[in-house]
Amino acid sequence: MRVTVNGYEEAERALRAAAPHDLLDTLRRVLTRRYQARSVDLLMADYSLTVLQPVSVLPRTTEPLSLHNSPQGRAFGAQEPIREEQGATDGLRLHLPVTVRGDRLGVLTVALPASACPPAVQAELADIAEMLAHAVTVAERDTDLYLQARRKDRLTLAAEMQWQLLPGRACSRDEYAIGAQLEPAYAVHGDNFDWSTSAGHLALTVTNGMGEGMDAALLTNLTINALRNARRAGVSIADQAALADQAVYAQHRGDAHLSVLLLDFELATGRVRVVDAGSPRLLLLREGAVTSVDFDAQLPLGMFEETEYTAQEFDVRPGDRLVFVSDGVHAVASPAGEVYGERALTRAINATRLLPPAEMPRAVLRELTGHRGRALPDDDALVVCLDWHGRPAGDRS
C-alpha cells in the first residue's frame, strides 16, 4: 500500500535529511516539484534590524532589501504572508515570515504562478516557512551560513561574543511575549539580556555592562554564564545573584563589577521576584499610564566578597507592558546636553504601545538616535519589552 505524502510532510522529511548548509536548496527542490515554484529565496534579518540579507554562498552578489520599504520587510514586520502580484503572465511572489516561537529570523520568498497559489496552498507554504525557521535554528549549531547572512557589516569580536550569548531577540508563549534589541549592533560591548522558560516560570535577566571592548564582553560572558549555572542548579534568584557575585569577585577582586536586574515570573499568578543589583531601569505601562517601578538598590555583582542579596516581590497583571532599559538609553544626552531621561522614555513607550514586543525596542532605539543626534552611540543601549498576558482564571495550575 502506497502512503500519500502532502507538501508539508515532504518538505519536513527533506529538511530533516538535509545537510545544515543545504536547507535552502533542499527546500527549493521540494517547492519547485510540489508547488511549481519558479524561485525560492531565504532572507535573514541583519543584527541591526535594518535590512534583509540573502542566504547565499559568500561573497554575496544580491543586494540586501530594506526592512522599512519593501514587501519582504512588510511581511517581516507584520508577521503575515504578503502577496506581491507580478502581472497576469508573471504570477506572484509570496513573502512568508520565517519565525520560531516569536523570534523573527527572516523571510522566505516564493515565486509562483498565480493559479498555483489558492488560499490553502498559501497557508501550507506559511507553515513550511515556520518549519524552516526551526530547521535553521538547529542548523546554526553546525554551519556559519545563516549567521553570515545576518551581518551587513563586520562584527567586532566583542559584539560576536555578545550576540552568541543571547537566547534570541524575541520569544512568545501564551502567558507573555518578549522582544529585545542591542545597539550598536555591530560593536556592542557589555549590555546583554537572557531568559529561560519552564512549565511554571520565566526567568529574565537584564545586564548593564561595564567597560569597553573585550574587557566588557569577557565580564558579561562570565556573569551570564555564572547566573545560568546557578539557575540551572535550581537555586533562588537571590542565591543566583550571590553565586554570580562570588564568581565575578573571584576573577576581578573588586576591580570590575556588573549591574543586573534579575526577575523570576510565576506564570500561573503573575507574581514576580526581583533582585535589583545595579542600574537597569524598569518602566510599567498599565491601563495607559507609564510609571517607574523602583526597587531597593543592592550592590552590583563583583564589588565585594560574599555580598548577600534579597529578593523583592511585585505583581503583573494581564495587559501590562514592562520595558527595561540600560543606562545607555535613559542617560543619553542630546548635542545640547539634555538627558533623554524618564520623561522622553514615557513618551516613547506611549508612542509605541500598539507595536508588538518584537518591534517596540527597535522603534524606541530609532527615536533615541534622533535625540542623540548621531548614528552611533558612545555607550551600549539595550531595550527589552515584555507584554504580560497571564493565564486564564481556570488554567492556573
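Structure data summary
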{"item": "Interchain or long-range residues, amide H under 5 Å from Gln86's placed H", "result": "Gly91, Leu92, Arg93"}
{"item": "Dipole-positive endmost among Ile349, His134, Gln181 within the chain (Cβ charges, Cα centre)", "result": "His134"}
{"item": "Cut-off 12 Å between beta-carbons: net charge of the residues surrounding Glu287, Lys and Arg +1, Asp and Glu -1", "result": "+3"}
{"item": "Thr62-Arg13 pseudo-label distance in nm [points 7 Å out on the Cα-to-Cβ vector]", "result": "2.8 nm"}
{"item": "Net length gained if the chain between Asp153 and Asn69 were fully extended (0.36 nm per residue, minus Cα distance)", "result": "28.2 nm"}
{"item": "The chain: most fluctuating residue of Ala268, Ala177, Ala233 per GNM, C-alpha cutoff 10 Å", "result": "Ala233"}
{"item": "Among Gly213, Ile237, Leu27 the positive-end extreme of the charge dipole of the chain (Cβ point charges)", "result": "Leu27"}
{"item": "Charge dipole (debye, nearest 20) of the chain; +1 at Cβ of Lys and Arg, -1 at Cβ of Asp and Glu", "result": "1360 debye"}
{"item": "Max mean-square fluctuation residue, GNM over the chain, Cα-Cα springs under 10 Å, options Val235, Val383, Val30", "result": "Val235"}
{"item": "Residue-averaged 222 nm ellipticity for the chain, from DSSP H runs of 4+ at -39500 (n - 2.57), nearest 500", "result": "-10000 deg cm²/dmol"}
{"item": "Charge dipole magnitude, Cβ of K and R +1, D and E -1 - the stretch 38-178, Cα centre, debye nearest 20", "result": "280 debye"}
{"item": "Local electrostatic count, Trp388, Cβ distance below 9 Å [Lys/Arg +1, Asp/Glu -1]", "result": "-1"}
{"item": "Neighbourhood charge, 10 Å Cβ-Cβ cut-off, centred on Leu112 and excluding it, Lys, Arg +1 and Asp, Glu -1", "result": "+3"}
{"item": "Residue with peak Gaussian network fluctuation, the chain [Cα springs, cutoff 10 Å], from Asp294, Asp103, Asp380", "result": "Asp294"}
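Each reported figure results from applying straightforward, stated rules to the coordinates on display, with no laboratory input. All of these numbers come straight from a predicted model, not from anything done at the bench. Note that we place each Cβ from the backbone using ideal geometry, even for glycine, and neighbour counts take in every protein chain shown.
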